[in-house]
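Participant: This is the structure I want to talk about, given as structure tokens.
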Amino acid sequence: MKTEARFQDIVLDYDEVRALDKVSCTLEEGKVYGLIGRNGAGKTSLLSLLASYREPSGGSLKVRDEAPFENAKIMKDIQFLYTYDMSEESETIEEYLKEVATFRERFDFEYAHTLLKRFGLNPKKKLNKLSTGMQSALLVVEGLASLSPITIFDEIHHGMDAPSRTTYYEAILESQRMHRRIIILSTHLVSEMAYLFDHVLILDRGKLLIDEPYDDVVERGVTITGAEKVVDDFTQGRTIIDTKTLGDTKAAMLYGSFTESDRKKAKEAGLQVSTVSLQELFIHLTKEDNHAKAEKPSGV
Amino acid sequence: MQKLKSHPVYKVSKDVYLLQMLWALLVLGAIVLIHFLLGIFVRDLAWIDRSALSALANPIQVFMLIFGIIGGAYFLKHFIRHGVTRKHCFAGVLISGVLAVVSLQIVALLLTFLSYGIEALAPYEAGRETIAYLGQERGYLVSMIVNAALTLVYYIFGWLIGIGFYRYKVLRGFAFILLAVFVLGIIGTMWLPESEWNFMGISLNLIDTSRLWVAFLITDATLLLGILLLYAIYRKAPVSPH
């Protein structure tokens, strides 16, 4: 049976605070999901529900058509990885992975050793002797070698240096080619990791702003640059999420449907059209006054 | 057997039991050494006149109480991370506690016999006094059973403190300390001779526990209530990853 996770109007309340507000989305096997949001947006809360760390306050969450909370069959197939304090862990990497393998029936030791080598981790080294970056790398090894049908990496790159992060990204792509599953990457490093995403989920203040394939999201964002008056005329009626003016020149970042005909018109008006990165879209869409615009962009 | 070994309850109980026994043997090893040295150098101390089984009864109880407090939330977080349900985690940690309590009683009994063996071979005088539960001397088996039941009560209420603090934070968690102090005080007092039934200045001459089976029944009922309360808190306890 294919693995699919379905969130339907999920609500999560912490006492008086609503952490998730009617979130609905479906995660499908074989895709890498980028879960993006500012601090406190509700990313970890959403992932905690999927990993059965807590129960939703409302709505329905189903994995393979079953509620995952306290469901042994489902919980063993979901792996939630996040950095934690390993200073008290005196076991070696090898011992740690052996322990993980007792709970993860698909664990591939050969693959784990290949990854350890790639990250330059010595299996004989104790966990409490690892640097923060090495601990993160170990969690990547754990997550990928466990081959769990749903693997969640929550801000796992903390402390990793640039080469290690590159190894991590390469390993994600390679692993997904070999063992198709649902991989969720919760991150702030949008610019670095965007190319890994098949699908983008942007959470803001507990609401799901964007739930679309990566290509569709980035296609929606364009920057129009040109003479201020011409830009103003051209962007009238469109969803503007950011503007910058320098002298007579203005750049307006638009979000919404932008067709080939629009592109042609812009060119004819002497305007420059450039693409917008996911990072820029994320920054501007999660601004206080752009929240509503992201939910209802023009022409969509 | 393979099916049993792959069951999460088996894995949890095995992991926790091994950790418990490792810690317990380290702690008890130090206590036995102190007991042995005091036996040689300081004779005038009631504790060293006790047999190992009796002398270790309280340290084992305190050890299990502390282990319960520390492990209360740690194991929940640890095993949930490995995809184990709360139900299986709870069962595994409970089973490991029972096994550890029984094992530690056996270890204490073996140490008692070992001390007698050393006494026969070396100039060492082993303690022989036992705890007089309900004011009467009891044999090894009864002492071990009572010790084990009392130790389990300590373990469960330690666990309650740990999970109470984790789930309900400091202020409400503090209520679990009060509950544990109250229950452990009452239960401990109940096993004393009738003349000493006094808990915090209040006489407990309400129930006739002079009979062994009545005291044992009350201890077991307390244990059961503690386990039920613990499970009620545990079964849906939210876990915070950070």
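Participant: Among B:ALA24, B:GLY226, B:HIS242, whose Cα lies farthest out toward the positive end of the dipole of chain B, if unit charges sit on the beta carbon of Lys, Arg (+1) and Asp, Glu (-1)?
Facilitator: Projecting each Cα onto the dipole axis, the largest value belongs to B:HIS242.
Participant: So what is the accessible area of chain B per residue, in Å², with the probe set to 1.4 Å?
Facilitator: Normalised by residue count, the accessible surface of chain B is 50 Å².
Participant: Could I ask something else about it? If I ignore ligands, DNA and RNA and count only protein heavy atoms, how much of A:HIS158 is accessible to a 1.4 Å probe, in Å² to the nearest 10?
Facilitator: Roughly 90 Å² of A:HIS158 is accessible to a 1.4 Å probe.
Participant: Treating the beta-carbon of each Lys and Arg as +1 and of each Asp and Glu as -1, no other charges, what is the dipole magnitude of region A:4-205 about its Cα centre, to the nearest 20 debye?
Facilitator: That gives a dipole near 420 debye.
Participant: Then there is this: Kindly report, to the nearest 10 Å², the accessible surface of B:ASP220 as traced by a 1.4 Å probe over protein heavy atoms only.
Facilitator: Near enough 60 Å² of accessible area.
Participant: Could you give the dipole magnitude of the protein assembly as shown about its Cα centre, charging the beta-carbon of Lys and Arg +1 and that of Asp and Glu -1, in debye to the nearest 20?
Facilitator: 620
Participant: Which aspartates and glutamates, if any, have their Cα less than 12 Å from the Cα of A:LYS125, not counting same-chain residues under 8 positions apart?
Facilitator: A:GLU89, A:GLU91, A:GLU94, A:GLU95
Participant: On the protein heavy atoms, probe 1.4 angstrom, tell me the percent of accessible surface of region A:217-295 carried by carbon and sulfur.
Facilitator: So the carbon and sulfur contribution to the accessible surface is 49 percent.
Participant: Which of B:THR130, B:PHE165, B:ALA175 sits closest to the plus end of the dipole of chain B, meaning its Cα is farthest towards the positive end, when Lys and Arg get +1 and Asp and Glu get -1 on the C-beta?
Facilitator: B:PHE165
Participant: Kindly provide the helix-only [θ] at 222 nm of chain B, computed as the sum of -39,500 (n - 2.57) over DSSP H runs of four or more divided by all residues, to the nearest 500 deg cm²/dmol?
Facilitator: Taken over chain B, the calculation gives -26000 deg cm²/dmol.
Participant: Could you tell me which of rounded, prolate or oblate describes region A:155-300, using a ≥ b ≥ c as the square roots of the eigenvalues of the alpha-carbon gyration tensor, with rounded for a/c under 1.5 and, failing that, prolate when a/b is larger than b/c and oblate otherwise?
Facilitator: prolate
Participant: Oh, and also: Using a 10 angstrom Cβ neighbour count of at most 10 plus a DSSP loop assignment to flag exposed trypsin sites (Lys or Arg not before Pro), which longest range of chain B is free of such sites?
Facilitator: Maximal segment without exposed cleavage sites: B:44-210.
Participant: So what is the relative contact order for chain B, in percent, with contacts set as C-alpha pairs under 8 Å and at least six apart?
Facilitator: Taking the mean separation of contacting Cα pairs over the length of chain B, I get 25 percent.
Participant: Additional query: How well do other chains shield peptide A:1-7, expressed as the mean number of their Cβ atoms within 10 Å of each residue Cβ?
Facilitator: What the average comes to for A:1-7 is 0.
Participant: For region B:28-71, what is the Kirkwood hydrodynamic radius in Å, using each pair of distinct C-alpha atoms?
Facilitator: For region B:28-71, the Kirkwood estimate is 11.2 Å.
Participant: Which shape class applies to region A:4-205: rounded if a/c is under 1.5, otherwise prolate when a/b exceeds b/c and oblate if not, where a ≥ b ≥ c are the square roots of the Cα gyration tensor eigenvalues?
Facilitator: prolate
Participant: What number results when the radius of gyration of the protein assembly as shown, computed over Cα atoms, is divided by 2.2 N^0.38 Å?
Facilitator: Output field value: 1.28.
Participant: Now for a separate question. What residue among A:LEU201, A:THR114, A:THR92 has its Cα farthest toward the positive end of the dipole of region A:4-205, where the charges are +1 on Lys, Arg and -1 on Asp, Glu, each on the Cβ?
Facilitator: A:THR114
Participant: Something else: Please give the per residue accessible area of region A:4-205, computed with a probe of 1.4 Å over protein heavy atoms only, in Å².
Facilitator: Per-residue value: 39 Å².
Participant: May I ask you to find the residues of region B:216-242 that are shielded by at least 20 Å² of accessible area once the whole protein assembly is considered instead of their isolated chain (probe 1.4 Å)?
Facilitator: B:LYS236, B:PRO238, B:VAL239, B:PRO241, B:HIS242
Participant: Given the alpha-carbon gyration tensor of chain B, what are the semi-axes of its equivalent ellipsoid in whole angstrom, ordered largest first, with each equal to the square root of 5 times an eigenvalue?
Facilitator: Calculated on Cα positions only, the semi-axes equal 32, 24, 16 Å.
Participant: Quick one: putting +1 on the C-beta of Lys and Arg, -1 on the C-beta of Asp and Glu, what dipole do you get for region B:2-234 around its Cα centre, in Debye to the nearest 20?
Facilitator: With Lys and Arg at +1 and Asp and Glu at -1, about 1440 debye.
Participant: Also: For the interface of chains B and A, what total accessible area is buried with a 1.4 Å probe, rounded to the nearest 100 Å²?
Facilitator: Counting protein atoms only, the buried area is about 2100 Å².
Participant: For region A:1-48, which GluC sites (Glu not before Pro) are both in a DSSP coil and crowded by at most 15 other Cβ atoms within 10 Å?
Facilitator: Answer in residue order: A:GLU16, A:GLU29.
Participant: Taking the radius of gyration and the Kirkwood hydrodynamic radius from Cα positions alone, what is the Rg/Rh ratio for region A:217-295, to two decimal places?
Facilitator: 0.94
Participant: Classify region B:1-144 from the C-alpha gyration tensor, please: rounded if a/c falls under 1.5, else prolate or oblate depending on whether a/b exceeds b/c.
Facilitator: Note, shape of region B:1-144 comes out prolate.
Participant: Here is a further query. Peptide B:82-92: average number of partner chain Cβ atoms within 10 Å per residue?
Facilitator: Mean partner shielding for this stretch: 4.
Participant: Hey, another quick one. Do any GluC sites (Glu not before Pro) in region B:93-160 lie in a loop, going by DSSP, with at most 12 other beta-carbon atoms within 10 Å of their beta carbon, and if so which?
Facilitator: When the GluC sites (Glu not before Pro) of region B:93-160 are filtered for loop state and at most 12 Cβ neighbours within 10 Å, B:GLU137 remain.
Participant: Kindly count the pairs of lysines across chain B whose alpha carbons are less than 27 Å apart, treating pairs on different chains or eight or more residues apart as eligible.
Facilitator: 21
Participant: List for region A:14-59: residues with 20 Å² or greater reduction in accessible area, all protein chains versus chain alone, probe 1.4 Å?
Facilitator: Listed by number, the residues meeting the 20 Å² cut-off are A:THR44, A:TYR53, A:ARG54, A:GLU55.
Participant: Leaving ligands, DNA and RNA out of it, report the carbon-plus-sulfur percent of the accessible area of region B:2-234 at a 1.4 Å probe.
Facilitator: The nonpolar share, carbon plus sulfur, comes to 73 percent.
Participant: Exactly which trypsin sites (Lys or Arg not before Pro) in region A:1-72 are in a DSSP loop and have at most 11 other Cβ atoms within 10 Å?
Facilitator: Counting only loop positions with at most 11 other Cβ atoms within 10 Å, the trypsin sites (Lys or Arg not before Pro) in region A:1-72 are A:LYS2.
Participant: Just for the protein assembly as shown, what percent of DSSP beta bridges are antiparallel, to the closest 5?
Facilitator: In the protein assembly as shown, DSSP labels about 65 percent of beta bridges as antiparallel.
Participant: If you restrict to DSSP beta bridges whose two residues both lie in chain A, what percentage is antiparallel, to the nearest 5?
Facilitator: 65
The values are calculated or read from the model by the stated rules, or taken from the named source; none is laboratory data. Predicted model only: the values in this text are computed from it and were never measured. Cβ coordinates were reconstructed from backbone atoms using ideal geometry, including for glycine residues, and neighbour counts include every protein chain displayed. Accessible surface areas use protein heavy atoms only, side chains included; no ligands, DNA or RNA. Shrake-Rupley method; radii C 1.70, N 1.55, O 1.52, S 1.80 Å.
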